[in-house]
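One structure below.
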Amino acid sequence: MFRFTPRASLAAILPLLAVSGTAQAQASVDERAVPETFDCRDLAAASDSDVSPEALFQRSLWASHCYNFSARAVRISFDGVRTLALTHSVQQGVETEAARFLDGPPVAVEKRGSVSQDAAGQGTLDFTAGLAPGALTRQIAGHYDLQPMEIERIAGRAAWRLDIEPQDELRYGYRLWLDRETSLLLKREMIGINGQILETFQITDLRAPTLYPDTLRLGPGQSPADSPWHAQWLPAGFTSQPIPPDSPGQSARIEHQLYSDGLTSISLFVEPITGNRRSLLPGMHRLGISYAAVRHVNHEGRPMQILVLGEAPPEVLARIAARVTWNQGGDADDPSTDMSDPQNDSDASAPPAGS
């Protein structure tokens, strides 16, 4: 049975390593398959060459791959303040990024990817899934407004502030501070529907960033996971994503689907309810700044648990959970695939409760 564990908070680490680390959306199959190239050395002269919001955001995505650096950071959230150590490097054709908490429960995550050379001598980065920076920037601009910036001081460094405001009330907003010299992300705030700050990441010490002196090419990512379980309703812009290999839902018993709009990720877990494993109570549960909507259904005579988890407004998660369907090889939007709720099923939009 899927349970809330410290692993569920790992997605909160990745935005420090790359603005796109937790969510890379898929606009279309054709756009996804188009690689993008970038000469990392261009970042050295691009700090003030184009300061439009879209250009700054896109540069920050490339910077997250192009710079070797180590840093110390803090995370301020619902569960208090925690410190982190971050590293990123491209060495001998291998890109590595890692983050670990320095206090509280020992949580760490590391990602590796290869940088190979194509026939033209360009590096192909086999690291991230989803869209490359240009396509990702266009995807985000379709559902968020990127607001004008101003220079502020973060971690002793001049930084452009970039406000990213959602065009609806179905997702949270963000404020980013991007290093004026390198375009690296120095600070990130997640903003709730009512304007409150839900979570803050901030680098407190950025140590000697150096550029990878070559051209990178971001190629097409992996294909989304194949599952008969689908979210029949999602906010505009959310599309199916590849499942990370270390996902807690990667087992024979648990079906896992991942959706993203480019900034926010939402996970759908479905598994059978058995007598020897305790299920979660139907309704809304809170996990730090995240919420989880839980629903119990009968599917072909078997009780099943549906769990929708993500850093999104609880009403959105509840609506997604209420419209999950099973369809083996058919149209996910076919209402005939809906399952019936058992009599003891609670409304997933119930007031939040502790997990």
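Out of all the residues in segment 210-230, is one or more open to solvent by less than 10 Å² (accessible area, probe 1.4 Å) and within 29 Å of Asp39 (Cβ to Cβ)? Checked segment 210-230: at least one residue is open to solvent by less than 10 Å² (accessible area, probe 1.4 Å) and within 29 Å of Asp39 (Cβ to Cβ).
Within segment 270-302, the set of residues being over 22 Å from Leu198 (Cα atoms), part of a strand (DSSP E or B) and open to solvent by 10 Å² or more (accessible area, probe 1.4 Å) comprises Pro272, Arg295, His296, Asn298, His299, Arg302. Among the residues of segment 175-187, those identified as surrounded by fewer than 22 Cβ atoms within 10 Å (Cβ to Cβ) and in contact (Cβ under 8 Å) with a residue 24 or more places away in the chain are Arg180, Glu181.
Criterion first (out of contact with any strand residue (DSSP E or B) (no Cβ under 6 Å at 6 or more places or on another chain), closer than 26 Å to Glu315 by Cβ, open to solvent by 20 Å² or more (accessible area, probe 1.4 Å) and at pLDDT below 95) does Gly121 satisfy it? Spelling it out, it is not the case that Gly121 is out of contact with any strand residue (DSSP E or B) (no Cβ under 6 Å at 6 or more places or on another chain), closer than 26 Å to Glu315 by Cβ, open to solvent by 20 Å² or more (accessible area, probe 1.4 Å) and at pLDDT below 95. For segment 78-96, a tally of residues being open to solvent by 20 Å² or more (accessible area, probe 1.4 Å) and under 30 Å from Gly192 (Cβ atoms) returns 6.
Among residues of segment 144-153 being open to solvent by 40 Å² or more (accessible area, probe 1.4 Å) and modelled with pLDDT of 95 or more, the one that is farthest from Tyr174 (Cα to Cα) is Arg153. Name every residue in segment 162-174 that is in a strand (DSSP E or B) and either hydrophobic (A, V, I, L, M, F, W, C) or surrounded by fewer than 19 Cβ atoms within 10 Å (Cβ to Cβ) (or both), in order of residue number. Within segment 162-174, Leu162, Asp163, Ile164, Glu165 qualify.
Residues in segment 310-335 that are open to solvent by 10 Å² or more (accessible area, probe 1.4 Å), under 22 Å from Pro272 (Cβ atoms) and modelled with pLDDT of 95 or more: Ala322, Arg323.
Can you tell me which residues in segment 66-77 are buried (at least 19 other Cβ atoms within 10 Å of the Cβ) and either closer than 26 Å to Pro148 by Cβ or touching a Phe, Trp or Tyr at 6+ places or on another chain (Cβ under 7 Å) (or both)? Those that are buried (at least 19 other Cβ atoms within 10 Å of the Cβ) and either closer than 26 Å to Pro148 by Cβ or touching a Phe, Trp or Tyr at 6+ places or on another chain (Cβ under 7 Å) (or both): Cys66, Tyr67, Ala73, Arg75.
If you go through segment 189-199 and keep only what is within 14 Å of Asp79 (Cβ to Cβ) and open to solvent by 20 Å² or more (accessible area, probe 1.4 Å), you end up with just Leu198.
Taking (1) modelled with pLDDT of 95 or more; (2) touching a Phe, Trp or Tyr at 6+ places or on another chain (Cβ under 7 Å) in turn, Trp233 satisfies each apart from (2). For the residues Asp42, Asp103, Asp50, the requirement of being surrounded by fewer than 18 Cβ atoms within 10 Å (Cβ to Cβ), at negative phi, at pLDDT 85 or above and assigned to a loop (DSSP other than H, G, I, E, B) singles out Asp103.
Among the residues making up segment 188-225, those that are more than 19 Å from the chain's Cα centre (by Cα), of a type in the set (D, E, K, R) and either farther than 26 Å from Gly134 by Cα or not in a strand (DSSP E or B) (or both) are Asp205, Arg207, Asp214. A search for C-beta distances below 7 Å between a residue of segment 93-112 that is over 16 Å from Val74 (Cα atoms) and any residue that is open to solvent by less than 60 Å² (accessible area, probe 1.4 Å) and of a type in the set (Lys, Arg), counting only pairs 6+ apart in sequence or on different chains, returns Glu97/Lys111.
The values are calculated or read from the model by the stated rules, or taken from the named source; none is laboratory data. Predicted model, so just to flag it, every value in this text is computed and none were measured. Neighbour counts run over all protein chains shown; Cβ positions are idealised from the backbone, glycine included. Accessible surface areas use protein heavy atoms only, side chains included; no ligands, DNA or RNA. Shrake-Rupley method; radii C 1.70, N 1.55, O 1.52, S 1.80 Å.
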